[in-house]
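As structure tokens, the structure follows; a few thoughts come after it.
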Amino acid sequence: MEVYRDVADFRPASGTIVTVGTFDGVHIGHRTILKRINELAKQEGGESVLLTFWPHPRLVLFPDYNELKLLSTLKERIELLKGSGIDHLIIHPFSLSFSRITAVEYVRDILVRDINVSKLVIGYDHHFGRNREGNLEELKNRAPSYGFEVEEISAQEIDDVNVSSTKIRNALLQGDLARANEFLGYRYSVRGIVVAGEKIGRSIGFPTANVEPDESYKLIPGKGVYSVSVFYDGLLYRGMANLGSRPTVSDSEERILEVNLFDFEGDLYEKEIKVTFVDRIRDEIKFESLDQLRAQLQKDALVAERHLSDLTDVDFTV
């Protein structure tokens, strides 16, 4: 897969089969679309192209709206797409000036001139251009005069897959990890830097690594205790994580991701690790004492060990 950071860098071949979208999380619904453009490219002797944008349009159009949380960072999205089989990934810079181009300019200059689209595979509810003025009907009307075809992904096809990035975000926030991972087609993960904590876990026999996510817009699952795997320095470790405000030891409402690695010795401070959420163990609980917390953590570790007993490196995609 070739990656381009601007549509102007792309050198179109004949017979480009194109789809467009943010593809946040690259979930099983997205992969259905990518499989289709790959099939068409093979049938027609062309090449498959995904046009996406960065930053996410909402980050540019609504900079003061800080509630946007995404399933994947740009780095993660690229890694996921590498396994999709597409020939070309165009990541075009999204800016205020780009948001103001008209629907006609989008079709004529981006799809036709810059990408040389032969067939566009697109969802029934796709909108584009200034103020989202363009839609599927306009694409179908303009396609013949510009020499390309449009294949619609119908509402029925989308409903059959029954998955969306919004559904996955909601499942993760509710702690429904099984549902989220089923929709994603892989286990959800968070990358981050290990930062200094209060070292309370160490005092009760469960030292933890406090993880600060790489990107503030990355969605963090709902509060609770999870079985996790941790990828660090080329190796996979098993462990458990607490996501929450640590009510037994803190009055703060700040959510913190703490990870306890099984059978690990070493210094992780200021190192980047990847935490993959395998299963949910329980809700976060406030205990009356550290002794009660320690006793529960011992039980949690046994549950986590069962969840993680059969995992291998190949179980993790991102």
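Estimated from helical segments only, the mean residue ellipticity of the chain at 222 nm is -8500 deg cm²/dmol, where each DSSP H run of four or more residues counts as -39500 (n - 2.57).
Taken about its Cα centre, region 97-139 carries a charge dipole of about 120 debye when Lys and Arg each add +1 at the Cβ and Asp and Glu each add -1 at the Cβ.
What's the FRET efficiency of Asp310 with Gln174 using the Cβ-Cβ distance as r and R₀ = 30 Å, to the nearest 0.05? The computed FRET efficiency comes out at 0.70. Selection among Leu68, Ile204, Phe148 by position relative to the dipole of the chain gives Phe148 as farthest towards the positive end (Cβ unit charges, Cα centre).
Using the Cα centre of the chain as the reference point, and only Cβ charges (+1 on K/R, -1 on D/E), how large is the resulting charge dipole? Debye, rounded to the nearest 20.
It works out to roughly 220 debye.
Taking packing as the residue-averaged number of other Cβ atoms within 10 angstrom, the listed peptides 81-87, 212-218 run from highest to lowest as 81-87, 212-218.
For the ranges 261-271, 134-144, what's the packing order if you count other beta-carbon atoms within 10 Å of each residue, average per peptide, and put the highest first? Write out the running numbers ahead of the final one.
Details: 261-271: 12.4, 134-144: 15.5.
Peptide ranking by packing, descending: 134-144, 261-271.
In a DSSP loop and with at most 16 other Cβ atoms within 10 Å, the GluC sites (Glu not before Pro) in region 17-112 are Glu67.
Between the amide H of Ile281 and those of Val225, Tyr226, Ser227, distances stay under 5 Å, these residues lying 5 or more places away or on another chain, with hydrogens modeled in the peptide plane. Excluding same-chain neighbours fewer than eight residues apart, the lysines reachable from Lys223 by a Cα-Cα span under 28 Å are Lys69, Lys75, Lys167, Lys199, Lys271, Lys274, Lys286, Lys299. Note on region 1-92: Rg/Rh from Cα positions, Kirkwood definition for Rh, rounded to two decimals, is 1.00.
The distance from the alpha carbon centre of region 71-102 to that of region 1-44 is 10 Å, rounded to a whole number.
Taking 18 Å as the straight-line reach from the Cα of Lys42, the aspartates and glutamates in range (excluding those fewer than 8 positions away in the same chain) are Glu2, Asp87, Glu149, Glu151. Magnitude of the charge dipole for region 2-161, about its Cα centre and with charges confined to Cβ atoms of Lys, Arg (+1) and Asp, Glu (-1), is about 320 debye. P(r) tail for region 2-161: Cα pairs beyond 23 Å make up 35% of the total. By the count of neighbouring beta-carbon atoms within 10 Å, fewest first, Phe206, Phe277, Phe287 end up ordered Phe287, Phe206, Phe277.
No value in this document is a laboratory result; all are computed from the given coordinates. Predicted, not measured: the structure shown is a model, and the values here were computed from it. Here the Cβ is made from the backbone with ideal geometry for all residues, glycine too, and neighbour counts use every protein chain on show.
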